[in-house]
Every structure is written in C-alpha cells, then in structure tokens.
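Beneath this line is the structure, given in structure tokens, with notes to follow.
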Amino acid sequence: MPDRKNEPPDDVGVIEASESNVPSLSTIVARSFHPVNPYIKKVLPDTPHLRKWWSTIFTTQIEDSNTHLLTALDPETNTAIAVLSMRRMAADDKGAGSWNNHDLTPDHDVVGYKAMIHSMGEHRERLMLGRRHFLIQLFGVDHSYAGRGIGRSLLRRACEIGDDAGLDIFVQANASAKGLYEKMGFEVGGEEVMPGGMNMAHASSAADLTVSNLFGFKNHVVLVTGGATGLGEMAAQAFVQNGAKVIIASRKQSELEKTSQRLNQLGPGKCDYVTADLADKAGCLDLCSKVKEKTDCLTVLVNNSGATWGAAYDDFPESGWDKIYALNVKAMFYTTVGLNDLLVKGATADQPSRVINIASMAGIMTSDVTSGPEGGLAAPGTGTFSYGPSKAACIHLSKMQASKLMTDHVTVNCICPGVFPSRMTAFGMREAMDTLVSGQPSGRVGKPEDFAGLVLFLSSMGAAHMTGNVLEIDGGSVLSGFKSKKKNQSKI
C-alpha cells in the first residue's frame with residue numbers, strides 16, 4: 001500500500017467559501033498560526049473583536065468578484081480547517097490587497113500589523129507592479145491538520161485559477177514553506193527578514209525565459225526617423241523581419257517608397273512611411289501629427305535622423321553649427337516630446353515603451369577630427385567640428401530623458417555607432433576606406449547585423465529594466481586606440 005499520510009483525506013475537498021463558512025473561518029488564523037508563530041499571535045490575537053473583524057473581512061471577500069476565498073472543511077464537523085484568499089490585482093494596484101481596506105480594532109497590535117502589511121505591499125509592488133496578477137492574501141491550515149496535504153490541495157487549486165486566467169501569482173510566505181511553493185512552480189523573487197524576525201520568501205510563478213518571450217517583437221509599433229536609408233533602414237528592416245509594424249520617416253518620398261516597398265516584400269511585419277523635414281520645431285510637430293494619423297500608440301521610437309558637416313577649422317560656417325544642432329539635438333527633443341502621449345499609452349513597468357537615440361562615437365571621442373592628406377570621413381584638411389559636440393549633446397539629452405520618463409514606463413537609451421555604411425560615411429568609405437579600416441581592431445567596419453541586433457535588444461523584454469545607458473558599437477576602435485601598421489582591406 002502506498003504511504004498516504006501526507007495526502008488529504010478522501011472526503012476533504014477544496015471549495016469556494018460561502019456565508020455559512022464565515023463563523024468557523026473567523027478563528028482559522030488563530031488555529032493555523034498561533035501554535036507556531038508568536039509574532040502573528042501578538043499582532044492578531046484571538047479575541048471577540050478580532051473574530052468579528054475576520055468575519056467582516058471574509059464576508060467582504062466572498063462578495064468581491066476579484067477575490068477567490070478557498071477553504072477546506074472537516075467532513076464530520078463542517079468546520080473550516082484551511083483558508084486561501086487570493087485577489088486579482090490590476091497592473092497599477094498598490095498596497096497589500098484587501099488588508100488595506102479595513103479599520104483595525106482595539107485588540108490589534110497596530111504597529112506590528114502595519115509593518116507586516118507594509119512589507120507585503122512593498123515587495124509585491126517591487127516584483128509585480130505593472131502587470132496584472134493574483135495576490136495570495138492569506139494562506140493557512142489548522143495546525144492540528146498539518147502534514148495531511150490539505151494546504152497543497154488549496155495551493156494547487158489556486159494555481160489552476162491563476163493558469164485559467166493567464167495570470168502570475170504573488171505570495172509572501174515563511175521561508176520554511178519555500179520547498180512547497182517551488183514544487184508548485186513558484187520562483188523565489190527575494191528574501192527579507194520580516195518584522196518580528198520572520199524570514200520571508202517572496203515568490204512568483206515561474207518566469208518565462210524563452211527566447212520567443214524575451215525577444216519577441218510582433219506586438220511592437222515602431223517609428224524610425226531617417227528610416228529610408230543607412231542605419232535607420234537597418235533598424236526598420238530588423239523590426240519588419242521580426243513581425244513589427246513600422247513607420248519610417250524621411251524627407252524624400254522617393255526613398256521612402258522604395259524602402260517601404262522592399263521591406264514589405266520581406267515581411268512578415270509591415271512598413272508604412274511619412275514624409276518629414278525635422279530641420280525645425282514645426283517640422284517635428286508636423287511629423288508627430290502625421291504619425292498620430294496612422295497609430296494611436298508607439299512602443300518604440302528610434303530617433304535616428306542626423307546630419308554632418310565638414311569644413312576647414314579656420315573657415316567653418318555658422319550654418320554648419322546651426323543646421324547640425326537643429327537636426328541632431330533639437331529635433332530629437334521635440335519629436336520625443338510630441339509623441340509622448342503615444343509612448344506612455346499602455347506602457348507598464350514590465351512592458352515599457354522605448355526611446356532609442358542614435359548618437360555617435362564622435363560624441364565620445366575628443367581627438368582632432370581634421371582629416372590628414374589621405375582623407376577620412378571628411379575631405380583632406382577639413383573636419384566635422386560641429387558633429388561631435390552635437391552627438392555629445394545627444395548623449396547628455398538621452399540621460400536627462402531617461403531620468404524624466406522612466407516613471408512613465410518609458411526607457412531611453414543611446415547608441416553610439418562607429419563607422420557603418422550610411423549616407424554620412426559614404427564619402428569616407430568611397431574615398432578613404434583603407435584609412436577607416438586601419439583604425440578597426442577587427443579589420444572591418446560595422447555591419448547591419450551589428451547595429452540591428454543592438455536596436456532589437458534595447459527594444460526587447462530583455463532590456464525592459466535598462467535606461468540611461470550609452471552603448472558604444474565601434475568594434476573597440478576608440479577603446480583600444482588601435483591603428484594598423486599596414487593598410488587593410490575592408491571585410492564588409
């Protein structure tokens with residue numbers, strides 16, 4: 001015969017509590033916890049006041065459509081011998097469920113109770129705020145029935161309810177119960193020493209760490225400025241090929257039509273476009289209006305539009321500063337501000353919207369940008385003196401935006417590419433490729449896979465808790481100060 005000492009009696013089942021169960025439920029906490037937990041006994045003593053208080057709470061929970069009050073009954077006495085109360089929590093619900101909704105009695109240890117409930121609310125918010133879930137508010141088994149599997153039966157039923165609703169479950173439990181929760185598929189989210197010296201484990205149901213969950217993009221709605229060519233086109237293609245809905249923006253309609261047609265043929269995502277000239281604030285706001293005609297939400301904004309200007313150091317025109325700062329810095333600011341309502345719509349702590357600002361390694365480098373006789377990114381004897389400072393401003397602006405927008409569940413990160421194929425680098429790659437490659441430890445410049453992969457990562461679930469970062473993607477060129485002793489052939 002199998003050993004059944006840890007199994008619940010055959011005639012003990014889990015049911016949803018009703019009004020008739022409230023009288024015996026009013027003492028279930030005392031019967032479950034007082035024999036083994038002196039702190040609970042002190043905070044929640046078994047007195048007439050507390051029994052009435054429990055009766056009110058359980059009656060309210062029975063009537064609450066968001067709460068499942070589960071119990072198990074002794075078949076002979078029809079007395080409640082276990083309880084599990086679980087409440088459906090909205091993504092933005094704060095606190096400790098229904099425990100925040102009832103006045104305390106003169107018999108409560110008010111200080112101890114508030115400390116206990118505050119801890120539950122604080123740690124639930126830390127782990128679960130931003131997504132809908134169930135909170136197990138109370139779980140106990142009459143001590144005289146311990147070890148018979150009754151608690152496991154209640155917890156199994158709670159997990160079935162959570163699975164049916166497609167929601168995770170949070171529970172704050174004594175560390176001694178850790179093994180039980182782990183066997184039921186829960187994951188420890190942290191451990192704390194609780195008020196009264198109770199060592200508590202915070203558990204949520206097992207996380208989904210599959211690649212398809214961490215790096216899925218089919219629900220993204222993306223705007224890429226400067227998306228018709230170069231780096232922007234790389235980013236747009238990455239999103240489209242992974243199922244996202246993409247809008248690209250640029251000045252030239254012919255390029256937009258060509259790129260969107262190509263990307264739509266790739267699929268499985270979709271690519272639309274809007275024409276936009278971001279040279280001034282009016283142009284930025286016009287772009288925002290056009291985007292809002294096509295979608296009511298954005299999950300990713302890639303601020304990629306930019307320009308550069310090369311001229312001699314002693315003859316650098318004022319327009320070479322004004323135009324570059326207007327497009328590389330000012331447009332980034334006004335576009336993000338103008339699309340803020342689309343970015344925050346539906347954003348949560350677990351599923352934040354993303355702003356990805358494209359700066360440049362030029363914003364980090366401080367070396368002389370004057371091209372030598374062999375040329376480079378600018379003609380020999382000239383330099384891109386306004387470009388680096390504008391990209392440094394972009395980096396700083398990104399960090400300021402990150403500080404401001406994270407409370408609205410919008411992350412802001414900044415990518416600093418080195419040399420990649422684009423319109424801005426076309427001159428240098430055409431005229432001085434060997435010179436450009438000579439500064440690359442890898443022997444090559446950047447490829448679409450390098451840039452697109454980073455953009456996708458920053459847009460993924462895997463980067464949902466990252467903001468304010470500046471990511472350098474230049475193959476280690478600036479870090480190492482590498483210079484080849486011989487001219488290399490590009491490996492792009």
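The values are calculated or read from the model by the stated rules, or taken from the named source; none is laboratory data. Being a predicted model, the structure only gives us computed values, none of them experimental. Because the Cβ atoms are built from the backbone with ideal geometry, glycine has one as well, and the counts that use them run over all protein chains shown.
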Inter-residue pairs, beta-carbon under 9 Å, first more than 14 Å from ASP280 (Cβ to Cβ) and in the range 327-342, second of a type in the set (Gly, Ala, Ser) and surrounded by 22 or more Cβ atoms within 10 Å (Cβ to Cβ), 6+ apart: LEU342/SER353
Being within 30 Å of PRO352 (Cα to Cα), in the same structural domain as GLY151 (by TED's automatic domain parsing) and modelled with pLDDT under 95: is that true of ASP93 here? yes
In the range 305-360, how many are among the basic types (Lys, Arg) and more than 21 Å from THR275 (Cβ to Cβ)? 2
Which listed residue, of LYS114, LYS178, is surrounded by fewer than 19 Cβ atoms within 10 Å (Cβ to Cβ), among the charged types (D, E, K, R) and free of Cβ contacts under 8 Å to residues at least 24 places away in the same chain: LYS114
From the set of residues in the range 138-188 that are among the charged types (D, E, K, R) and outside any helix (DSSP H, G or I), which is nearest to THR71 (Cα to Cα)? ASP142
Given the conditions (1) at negative phi; (2) touching a strand residue (DSSP E or B) at 6+ places or on another chain (Cβ under 7 Å); (3) not polar (S, T, N, Q), report the number of the one that GLY97 does not fulfil. (1)
Test SER98 against the criterion of being touching a residue at least 60 places away in the same chain (Cβ under 8 Å), under 29 Å from PRO352 (Cα atoms) and either of a type in the set (A, V, I, L, M) or buried (at least 17 other Cβ atoms within 10 Å of the Cβ) (or both), and give yes or no. no
Check on LEU256, at pLDDT 95 or above, aliphatic (A, V, I, L, M) and under 25 Å from the mean Cα position of the chain (by Cα): no
May I ask you to list the residues in the range 443-492 that are modelled with pLDDT of 90 or more and either assigned to a loop (DSSP other than H, G, I, E, B) or loosely packed, with under 15 Cβ neighbours inside 10 Å (or both)? GLU449, GLY453, SER459, SER460, ALA464, HIS465, MET466, THR467, GLY468, ASN469
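Within the group VAL111, VAL83, which residue is assigned to a strand (DSSP E or B) and of a type outside the set (Ser, Thr, Tyr)?
Just a single option satisfies the conditions, and that option is VAL83.
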Subset of the range 123-153, residues touching a residue at least 60 places away in the same chain (Cβ under 8 Å) and of a type in the set (Gly, Ala, Ser), comes to GLY130, GLY140, SER144, GLY147, GLY149, GLY151, SER153
Residues that are surrounded by 16 or more Cβ atoms within 10 Å (Cβ to Cβ) and either outside the structural domain of ASN304 (by TED's automatic domain parsing) or in a helix (DSSP H, G or I) (or both), drawn from the range 335-352: THR335, THR336, GLY338, ASN340, LEU342, LEU343, VAL344
When you check ARG156 against the structure, is it exposed (fewer than 15 other Cβ atoms within 10 Å of the Cβ) and farther than 30 Å from PRO352 by Cα, yes or no? yes
Within the range 296-334, restricting to residues that are part of a strand (DSSP E or B) and aliphatic (A, V, I, L, M), the one that is surrounded by the most Cβ atoms within 10 Å (Cβ to Cβ) is VAL302
Consider only pairs whose beta carbons are under 6 Å apart and that are at least six residues apart or on different chains; among these, list those whose first residue lies in the range 398-419 and is closer than 13 Å to ALA463 by Cβ and assigned by TED's automatic domain parsing to the domain that holds PRO441 and whose second residue is of a type in the set (Lys, Arg) and part of a strand (DSSP E or B). THR411/ARG354
